[in-house]
Amino acid sequence: MNLRKLLLTIAGGAALATVLIEPGLAQETTEAAEEVVEAAAGVPAASAYVFNTLLFLIAGFLVMFMAAGFAMLESGMVRTKNVSMQCLKNIALYSIATIMFWIVGYNLMYDGVDGGWLGSFTPKAIPAPDADPGDYSAASDFFFQLVFCATTASIVSGTVAERIKLWPFLIFVVVLTGIFYPITGSWQWGGGWLAEMGFSDFAGSTIVHSVGGWAALAGAILLGARAGKYGADGKVNPIPGSSMPLATLGTFILWLGWFGFNGGSQLAAGSIEDVSAVSRIFVNTNMAAAGGVVVAMLLTQAIYKKVDLTMALNGALAGLVSITAEPLAPNLLMSLIIGGIGGVIVVVTVPLLDKLKIDDVVGAIPVHLIAGIWGTLAVPLTNPDASFGTQIIGIVAVGAFTFVASAIVWVILKAVVGIRVSEEEEATGLDMAEIGVEAYPEFGVGSQRM
């Protein structure tokens with residue numbers, strides 16, 4: 001018999017004796033006994049509720065801040081004439097994801113899945129503060145889940161940058177955040193069929209990152225490469241970004257936000273064990289990112305005789321994506337190895353995409369798709385409850401659904417309204433052609449015409 005059961009037995013006996021001797025004291029004795037049991041368990045129930053809710057809220061605003069990280073990373077990686085467009089797309093997609101996840105996404109992902117394929121097509125209702133049951137605030141959970149949804153759309157934004165029309169992109173975001181992401185998320189996090197099989201994806205290497213990667217890949221293929229990116233002889237013409245300091249700032253913001261992304265996915269902070277787990281997740285997450293950076297630097301030095309900053313930045317992100325599927329179980333050495341392999345993936349996959357003439361402006365496909373697959377496959381290396389077979393089934397199922405469904409939407413948009421700007425608009429820059437606001441008017445196209 002453990003301590004909690006023993007205390008409950010003693011407390012029950014004391015309450016019974018009190019009823020027999022002095023009935024009026026029975027309620028007080030029972031309440032005192034409950035307090036003793038709660039203290040023995042570590043944290044009173046009310047305090048656990050508060051700490052769990054705070055974890056969701058703090059982790060949630062860290063993940064929300066990743067929207068700024070994506071905006072800065074993309075702004076630095078595109079040319080000056082397209083920076084305002086990337087900023088607009090990122091604030092718009094976050095807003096759209098917020099609305100769509102409320103209207104349909106949350107309940108489609110979590111309401112009544114019960115081992116199946118999807119939940120209900122209903123809006124999420126937030127209970128009043130005095131009628132909010134559970135181990136944490138329902139509103140805090142909703143906020144935490146919706147910022148993950150927005151992250152998926154941010155991944156697509158960077159890949160298709162510099163040549164996509166604004167409104168068709170935003171229409172795709174509506175479908176991705178309201179339908180596609182919640183459906184595949186329900187298979188695992190909503191208690192669907194993948195969860196029943198034993199598929200494991202702690203914080204979303206597949207459920208979040210590869211979903212965004214598959215959607216981005218479908219869009220990049222149908223959209224085509226930027227003008228001048230690939231020569232007729234197959235030569236790759238590098239197109240430098242506008243600001244490496246901005247890209248670096250964006251990477252650091254994303255790195256910071258990832259502590260909320262992975263740490264918050266513990267989903268509890270109401271006990272000593274939970275808080276210890278969150279702390280372990282933090283240090284493993286940090287180590288994996290560091291491994292991705294160092295490996296990417298060493299490889300680019302060895303291959304190109306110079307260290308490539310963009311590879312180092314994406315190495316950090318690939319390391320973070322790689323550890324996201326299982327950030328709790330590994331020790332620091334395994335976290336370093338898992339993240340380091342993410343760095344290898346970036347250095348190898350970026351030139352491979354160029355050979356296939358798939359133009360990924362920010363490198364999101366290597367970082368979020370390929371590293372996401374690797375991270376999901378790596379789970380059984382440290383988590384004995386996971387199996388390679390089940391992990392592969394989950395990767396293939398989520399990938400096939402997302403890629404095919406996304407391709408269908410991209411094809412429809414291309415046929416109905418068009419998804420690519422004209423050659424003249426692409427040459428002018430989307431800041432002027434699509435929204436009329438240049439990020440750097442003193443140095444932009446408008447000032448050159450004066």
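The values are calculated or read from the model by the stated rules, or taken from the named source; none is laboratory data. Treat the numbers as computed from the prediction; the structure is a model and nothing was measured. For neighbour counting, all protein chains shown are included, and Cβ atoms are generated from backbone atoms with ideal geometry for every residue, glycine included. Accessible surface areas use protein heavy atoms only, side chains included; no ligands, DNA or RNA. Shrake-Rupley method; radii C 1.70, N 1.55, O 1.52, S 1.80 Å.
Below, the figures for the structure above:
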quantity: Distance (nanometres) between label positions extended 7 Å along Cα→Cβ at Glu273 and Leu381; calculated: 2.7 nm
quantity: Span-rule helices in the chain, defined as complete DSSP H runs reaching 30 Å or more along the axis (Cα) with Kyte mean at least 0.0; calculated: 45-77, 138-159, 272-304, 332-355, 388-416
quantity: Trypsin sites (Lys or Arg not before Pro) restricted to region 277-324 and DSSP loop, no more than 15 other C-beta within 10 Å; calculated: Lys305, Lys306
quantity: Computed accessible area, Ile338, all protein chains, 1.4 angstrom probe, square angstrom; calculated: 10 Å²
quantity: Estimated FRET transfer efficiency (Ala227, Leu333; beta-carbon r; R0 41 Å; 0.05); calculated: 0.35
quantity: Per-residue [θ]222 nm for the chain (sum of -39500 (n - 2.57) over DSSP H runs n ≥ 4, rounded to 500); calculated: -21500 deg cm²/dmol
quantity: Diffusion constant of region 126-278 at 37 °C, which comes from Stokes-Einstein with the Kirkwood Cα-pair radius and 0.692 mPa s, µm²/s; calculated: 179 µm²/s
quantity: Violating pairs (Cα-Cα greater than 31 angstrom) within the set Lys81/Lys235; Lys81/Lys124; Lys165/Lys305; calculated: Lys81/Lys124; Lys165/Lys305
quantity: Distance cut-off 33 Å, percentage of C-alpha pairs in the chain lying past it; calculated: 39 percent
quantity: Efficiency of FRET between Leu170 and Ile126 - r from beta-carbon atoms, R0 30 angstrom, step 0.05; calculated: 0.70
quantity: Solvent accessible area, Å² - Met297, 1.4 Å probe, full protein context; calculated: 80 Å²
quantity: Simple label model, 7 Å out from Cα along Cβ direction - Glu196 to Val283, nm; calculated: 4.0 nm
quantity: Prolate/oblate/rounded call for region 291-450, Cα gyration tensor, a/c under 1.5 rounded; calculated: oblate
quantity: Percentage of interatomic Cα-Cα distances in region 265-333 larger than 19 Å; calculated: 42 percent
quantity: Charge dipole (debye, nearest 20) of the chain; +1 at Cβ of Lys and Arg, -1 at Cβ of Asp and Glu; calculated: 1800 debye
quantity: Unit charges at the beta carbon, dipole of the chain: most positive-side option, Val283, Ala92, Ala232; calculated: Ala232
quantity: Computed lengthening from Ser47 to Lys355, 0.36 nm per intervening residue step minus Cα-Cα distance; calculated: 105.3 nm
quantity: Region 232-280, accessible area per residue, ligands and nucleic acids excluded (1.4 Å, Å²); calculated: 48 Å²
quantity: Computed over region 215-294, the ratio Rg/Rh where both radii use C-alpha atoms and Rh is Kirkwood; calculated: 1.20
quantity: Nearest-10 value in Å² for the accessible area of Leu298, using the 1.4 Å probe; calculated: 120 Å²
